[in-house]
Protein chains: 2
Amino acid sequence: MVTTAASVNLLKLLQDKATRLRIDSIRATTAAGSGHPTSCASAADIVSALFFSVMRYDPKQPHSPANDVFVLSKGHAAPVLYSAWSEAGLFPREHLLTLRQTNSDLEGHPTPKLPYVDVATGSLGQGLPVGLGIALNAKLEKSDQRIYVLMGDGESAEGSVWESAELGANDALDNLCAIIDVNRLGQSGPTMLQHHMEVYKARWEAFGWHVIVVDGHDISALLKAFDEAEETKGKPTIILARTLKGKGIVGIEDKEGWHGKPLPKEEADRAVAVLEKSLTGEADTWTPKLPDQRATPAVASPTGAMPTSPYAIGGKEVATRKAFGDALHELGKVNPRVVALDADVKNSTFTEEFMTTAPQRFFEGYIAEQNMVGMSMGLAARGKIPFSSTFACFFTRAFDFIRMAAISQLNVKFAGTHVGVSIGEDGPSQMGLEDIAMFGAEPNFTVLYPSDATSAWAATMLAADLVGPTYIRLGRPNNPIVYSPDEKFEIGKSKVLRQGNNDRILVVAAGVTLFETLKAYDELKKGGIDIRVVDLFSVQPIDRATLLASARAAGNQVITVEDHYSHGGLGDAVQSALSPSGIPVHKIAVTEIPHSGKPQELVEKFGISSKSIVAKVKEVL
Amino acid sequence: MVTTAASVNLLKLLQDKATRLRIDSIRATTAAGSGHPTSCASAADIVSALFFSVMRYDPKQPHSPANDVFVLSKGHAAPVLYSAWSEAGLFPREHLLTLRQTNSDLEGHPTPKLPYVDVATGSLGQGLPVGLGIALNAKLEKSDQRIYVLMGDGESAEGSVWESAELGANDALDNLCAIIDVNRLGQSGPTMLQHHMEVYKARWEAFGWHVIVVDGHDISALLKAFDEAEETKGKPTIILARTLKGKGIVGIEDKEGWHGKPLPKEEADRAVAVLEKSLTGEADTWTPKLPDQRATPAVASPTGAMPTSPYAIGGKEVATRKAFGDALHELGKVNPRVVALDADVKNSTFTEEFMTTAPQRFFEGYIAEQNMVGMSMGLAARGKIPFSSTFACFFTRAFDFIRMAAISQLNVKFAGTHVGVSIGEDGPSQMGLEDIAMFGAEPNFTVLYPSDATSAWAATMLAADLVGPTYIRLGRPNNPIVYSPDEKFEIGKSKVLRQGNNDRILVVAAGVTLFETLKAYDELKKGGIDIRVVDLFSVQPIDRATLLASARAAGNQVITVEDHYSHGGLGDAVQSALSPSGIPVHKIAVTEIPHSGKPQELVEKFGISSKSIVAKVKEVL
């Protein structure tokens, strides 16, 4: 339904609601003793128009797939969002006064612990990429759901916003409407563009968006703009709303020095009194626009069993990245919830195989990793199982998004290829050597590190099956197959690959270093030294039981070896598991910035080859 | 000097040079068996025009501050850069055939091991931020040095490019000229915009740049464009060069499927033979345009001794972030090489103090952390000591830049504030809980974690004095002062804060957890349990000697406690130091996604308070 003309009563209603949002935001932040009332006040009219006239949603089912979607990218304006849902009837107003308390769900910035929040925000420039993901999902589901993303002006300096801008236009996402609350003032001073609306306009037009400039405090103009957005086909719309920070708060409106500061009690009371005077009583006449008429897509279920690995022990050597591509391809055939995202490396990560089979569920993100990960967060929030893949090193580009995905507890999957010095000639800029440190730092991430094609296949299936953020570490070179297709892999379980009665030391490895360890095993065996070999497979959670038992059965001495930097890698994970038991763990890892060269030469040169393992074993014993 | 008309001979010379660049690129990549000849071929005419007519530089002193600067942002086109310097006479042509070998300095992507490379490239979208930093440095030094950045078209999808675009225009950097080699083809398919030059043009114009669209294979047009760029004042210029990937290579020009592939020997020979036929012999008549007439800025020296800390033991409580701001402010007064960069949080990191004293050396980067870090890389490459600061969590936004700064071995300094759950009410999105994992993973980074204002002051001075990438971890809350102003801190050295003859366990901490440990010390003491307390201070390099001696003197049992996630933090660093000696290390850290709340409540709730330490000590003993 399109609102072509707003009645006088509707305008009064929306103005009253906006006033209440301002009052609530002032009161909640003053009660909390911290927060951002002025950033709420500039956005109050926009939020009022959206929540109480534009959006179709059932306030009793805030996460229904039939609802229109609202993403608060400027997460520091959380109180205005909380107030809107309270006004919509989801919870009583008094609850707003628990803002920022340890036991309240109303945190300083929104998180998906709240049923009406898709992703945590508060790191700026992330809402639009997420909005793109939700919009792509709606298109995929053939839903006429509309997606609204409210951004701040300061955050539009973030490059991630422009990554989304270019792709949103490229993908013709006309179900997406972004709004920038151009309130002129950042945290520590005026923004770069202040109120130069014409510059904003030129930029978004050049990026292919339909652009509407409005007075962000003129509710009638806002309603017209939202109508125009809905009528615009073939491209997304951005509403550039000229606003004043602290709008409606006496003495503070448009003033510098008031970012992120609650009003002292007396000033708050005075400001609220002024605001209350303007209330007409219309606000309580509001009734929601339910999305009843809208078809809700059924949750798609897998159409078949998980495909089994096709690789035979002793068969042709296969890279783990290739096995991931193969597995994803087969998985896509039986699980319609699985989608894939790429950053122009699909021929290196082998997701081009998935693209061929399921082009409508393959999203080319071009060379823009932040937006790719952000889109995957939106897709995951709406029930998809998104696999994003690129070179492991380029996920560092999106670490802040990965961090926010962890805070959001989203079901996102990442596959990082080309890890370590074993990629060879391309040199250090293309080597993922800090990816375990990065993904492993997030406490709720599962981190899998398969060594051969069979275990990489299994890791892909396990990742799809697990509900929660997951990272799979994948290598470039071809490796032998060491596991049979019916070998069972589990998250949190390692594999003992070599063991005997006279093992004098345990060596833990994964990926290319596992094969170096197996070479070392053979060589040491010839010299009469038995070692036990564990393929770690699951870095996080770690298989402490197997590691402990193996270490105890192998002389209580452990060596780890990894194609990763020393800090925050596989070795640290093993040390964490065994250190409290006092079992010495000796790490072998890459300890300096590497260089170009042939893969095997680099494995030697940077000290993670069988030679280094043999030497370390002898040194320790 | 401006070239207003190119003579016929000059054109022939430049065409010949371009042809040689193509020939060299083909030969080198074929010899290496990998690499990107087609990405070199599209850029060859641009590089020829720059190196052999436009740029003023002394080929014998490639890093002279008087030279014009060239940044190859599309680092995969490294062979064309190497060939240009060989053509300029820096090294013999035969050396090009060592490309990508383990012992060659000609790596797959350029690194500053080469005297003519400022920063490592190969992760796309980083050259322009770096170029901005070098351009800011030239403005600061009142040099008329010009800076040229050659980008690929695919990489302009990276948001970091647009962060630089907006700031380059905002800062009116007319000494900066970017060129996009619009060759239409990415790695795995066509780029988003292919050859739609008008879309590129509209975008860069909207971002405030002077835009010139040219045929990137028309050398005369390129020379005219570079002249126009030099004449353009008050804004940077971008030259949008329409090119063909593989230009001049028979059978491959403008063809998909040839990204990152060397020509097989026979095809290479055939392609080279065709190219050689077009050579006129003019190339060898080239003489460099020396920048003799240009004043070289003297290297600035400190004008005074390092300022000493003003905080007294038992004095007013001060946050470590405030002490950093104070120290940087004083440092700026005596060391003209020190510059500061901000991402709109200068009132939280207290770099606004520096801004007040040295506004010309303070660079406001707005909310765009990637570009901020990239600019600092450019400034460091040109001899400045740049301190970038923001909330620790937002440095995750720039991890890929930090990674490349590590590869580049640059003298960059990062100060991350607001670490851990102890920030309180703002909630998890604002808490730096993975920053030690991130910075510590890079093997050549120094990581300092001061606990009180005096040690934070010292850390700032040490960071400025050290040549190499450095991170300082800083907290939000005010803490007591525990060190006297004349306490000597060293990189790689910890402090034993409590010790006795009956110590039964060692507790290692830093930041807010140090104060929790001191509380635990007092409480345990009352209960008759003596503990030894070490303030780690230097996380990387770590003070293994002090840790080992302290552990041995304290019952061979260690507890670490940190306001950081468990993986990759302070505890892992201590475990790495002690695990090989078999000393058990028990970690206390934040093990789940935290929540908003009062700082002390969160320290309790997430298990890093004195209570948790006391409990752990008793459990271990």
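Does region A:457-467 include one or more residues that are within 13 Å of another protein chain (Cβ to nearest Cβ) and surrounded by fewer than 24 Cβ atoms within 10 Å (Cβ to Cβ)? Let's see the steps before the verdict.
Of region A:457-467, the ones within 13 Å of another protein chain (Cβ to nearest Cβ) are none.
Within region A:457-467, not a single residue is within 13 Å of another protein chain (Cβ to nearest Cβ) and surrounded by fewer than 24 Cβ atoms within 10 Å (Cβ to Cβ).
Of the residues making up region A:548-563, just one is within 10 Å of chain B (Cβ to nearest Cβ) and out of contact with any strand residue (DSSP E or B) (no Cβ under 6 Å at 6 or more places or on another chain), namely A:Asn556.
Condition check for B:Ser388 on (1) within 13 Å of chain A (Cβ to nearest Cβ); (2) closer than 27 Å to B:Ala120 by Cβ: one failure, at (1).
Taken over region A:131-164, the criterion of being in contact (Cβ under 8 Å) with a residue 60 or more places away in the chain, under 25 Å from B:His196 (Cα atoms) and open to solvent by less than 10 Å² (accessible area, probe 1.4 Å) is satisfied by A:Leu132, A:Gly159, A:Ser160, A:Glu163, A:Ser164. If you go through region B:532-550 and keep only what is open to solvent by less than 10 Å² (accessible area, probe 1.4 Å), not hydrophobic (A, V, I, L, M, F, W, C) and not in a helix (DSSP H, G or I), you end up with B:Asp535, B:Ser538, B:Asp543. In summary, B:Leu81 fulfils each of the numbered conditions (1) within 14 Å of chain A (Cβ to nearest Cβ); (2) in contact with a helix residue (DSSP H, G or I) (Cβ under 6 Å, 6 or more places away or on another chain); (3) not in a loop (DSSP other than H, G, I, E, B) with the single exception of condition (2).
Looking across region A:320-337, the residues that are crowded, with 21+ Cβ neighbours inside 10 Å and among the aliphatic types (A, V, I, L, M) come down to A:Ala323, A:Ala327, A:Leu328, A:Leu331.
In contact with a Ser or Thr (Cβ under 6 Å, 6 or more places away or on another chain) and β-branched (Val, Ile, Thr): does that describe B:Thr351?
In short, yes.
One residue is enough: does region A:505-512 have a residue meeting the conditions on the phi < 0 side of the Ramachandran plot and not aliphatic (A, V, I, L, M)? No: zero hits. Here A:Thr517 clears all of (1) among the hydroxyl-bearing types (Ser, Thr, Tyr); (2) in a helix (DSSP H, G or I); (3) surrounded by fewer than 22 Cβ atoms within 10 Å (Cβ to Cβ) except the condition numbered (3).
Would you be able to say whether some residue in region A:344-353 is over 29 Å from A:Ser83 (Cα atoms), within 14 Å of another protein chain (Cβ to nearest Cβ), assigned to a loop (DSSP other than H, G, I, E, B) and of a type outside the set (Val, Ile, Thr)? Talk me through it step by step, then tell me what you get.
Residues of region A:344-353 that are over 29 Å from A:Ser83 (Cα atoms), as a first pass: A:344-353.
Okay, now just the ones that are also within 14 Å of another protein chain (Cβ to nearest Cβ), so A:344-353.
Next, only the ones that are assigned to a loop (DSSP other than H, G, I, E, B) stay: A:344-345, A:350-351.
Among the residues that remain, those that are also of a type outside the set (Val, Ile, Thr) are: A:344, A:350.
The answer is yes; a qualifying residue exists.
Just need a number here: residues in region A:291-306 that are at pLDDT 85 or above, aliphatic (A, V, I, L, M) and within 14 Å of A:Arg146 (Cα to Cα). The qualifying residues number 0.
Taking the criterion of being at the interface with chain A (Cβ under 7 Å from one of its Cβ atoms) and either of a type in the set (Lys, Arg) or out of contact with any Pro (no Cβ under 7 Å at 6 or more places or on another chain) (or both), the residues of region B:112-124 that qualify are B:Gly122, B:Ser123, B:Leu124. Taking every residue in region B:441-455 that is under 13 Å from B:Met404 (Cα atoms) and pairing it with any residue that is assigned to a loop (DSSP other than H, G, I, E, B) and open to solvent by 10 Å² or more (accessible area, probe 1.4 Å), at least 6 positions away or on another chain, the pairs with Cβ-Cβ distances below 6 Å are B:Ala441/A:His567; B:Pro443/A:Thr591; B:Pro443/A:Glu592.
Exactly one residue out of B:Leu536, B:Leu518, B:Leu506 is within 19 Å of A:Gly568 (Cβ to Cβ) and either more than 14 Å from every other protein chain (Cβ to nearest Cβ) or of a type in the set (A, V, I, L, M) (or both), and it is B:Leu536. Of all the residues in region A:10-45, those that are closer than 26 Å to A:Arg294 by Cβ and in contact with a helix residue (DSSP H, G or I) (Cβ under 6 Å, 6 or more places away or on another chain) number 3.
Residue-wise test of (1) more than 18 Å from B:Ala268 (Cα to Cα); (2) part of a loop (DSSP other than H, G, I, E, B); (3) of a type in the set (Lys, Arg).
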| residue | (1), (2), (3) |
| --- | --- |
| B:Lys12 | yes, no, yes |
| B:Thr19 | no, no, no |
| B:Ser34 | no, yes, no |
| B:Asp45 | yes, no, no |
| B:Leu50 | yes, no, no |
| B:Ser53 | yes, no, no |
| B:Asn67 | yes, yes, no |
| B:Phe70 | yes, no, no |
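Any chance you could count how many residues in region A:96-109 are closer than 14 Å to A:Thr30 by Cα, more than 8 Å from chain B (Cβ to nearest Cβ) and buried (at least 16 other Cβ atoms within 10 Å of the Cβ)? Looking only at that region, the number is 3. Of the residues making up region B:402-417, not a single one is open to solvent by 10 Å² or more (accessible area, probe 1.4 Å), modelled with pLDDT of 95 or more, under 22 Å from B:Thr320 (Cβ atoms) and in contact with a strand residue (DSSP E or B) (Cβ under 9 Å, 6 or more places away or on another chain). What's the total number of residues in region B:453-489 that are in a loop (DSSP other than H, G, I, E, B) and under 19 Å from B:Gly424 (Cβ atoms)? So the answer is 5. Filtering region B:354-379 to residues that are open to solvent by 20 Å² or more (accessible area, probe 1.4 Å), in a helix (DSSP H, G or I) and free of Cβ contacts under 8 Å to residues at least 60 places away in the same chain leaves B:Met355, B:Thr356, B:Thr357, B:Pro359. Count of region B:55-86 residues, restricted to those that are open to solvent by less than 10 Å² (accessible area, probe 1.4 Å) and either without any contact (Cβ under 8 Å) to a residue 12 or more places away in the chain or among the hydroxyl-bearing types (Ser, Thr, Tyr) (or both), is 4.
For region A:574-621, a tally of residues being in contact with a strand residue (DSSP E or B) (Cβ under 7 Å, 6 or more places away or on another chain), outside any loop (DSSP other than H, G, I, E, B) and buried (at least 22 other Cβ atoms within 10 Å of the Cβ) returns 12.
Considering only residues in region B:184-202 that are open to solvent by less than 30 Å² (accessible area, probe 1.4 Å) and in contact with a Gly (Cβ under 9 Å, 6 or more places away or on another chain), the one that is farthest from the other protein chains (Cβ to nearest Cβ) turns out to be B:Leu185.
When you go through A:Thr4, A:Thr30 one by one, which is the residue that is over 31 Å from the mean Cα position of the chain (by Cα), modelled with pLDDT of 95 or more and open to solvent by 20 Å² or more (accessible area, probe 1.4 Å)?
Numbers: A:Thr4 fails: modelled with pLDDT of 95 or more.
On inspection, the qualifying residue turns out to be A:Thr30.
Pairing each residue of region A:33-54 that is acidic (Asp, Glu) with any residue that is open to solvent by less than 10 Å² (accessible area, probe 1.4 Å), provided the two are 6+ apart or on different chains, yields C-beta distances under 9 Å for A:Asp45/A:Leu14; A:Asp45/A:Ala18; A:Asp45/A:Leu21; A:Asp45/A:Gly216; A:Asp45/A:Ile219; A:Asp45/A:Leu222; A:Asp45/A:Ala241; A:Asp45/A:Thr243.
Among the residues making up region B:396-434, those that are within 11 Å of chain A (Cβ to nearest Cβ), polar (S, T, N, Q) and farther than 15 Å from B:Met372 by Cβ are B:Ser408, B:Gln409, B:Ser429, B:Gln430.
The values are calculated or read from the model by the stated rules, or taken from the named source; none is laboratory data. None of the values given here were measured: they were computed from a predicted structure. Note that each Cβ is placed from the backbone with ideal geometry, even for glycine, and that neighbours are counted across all protein chains shown. When the accessible area is computed, the model is the full protein with side chains, heavy atoms only, and any ligands, DNA or RNA have been set aside. Shrake-Rupley method; radii C 1.70, N 1.55, O 1.52, S 1.80 Å.
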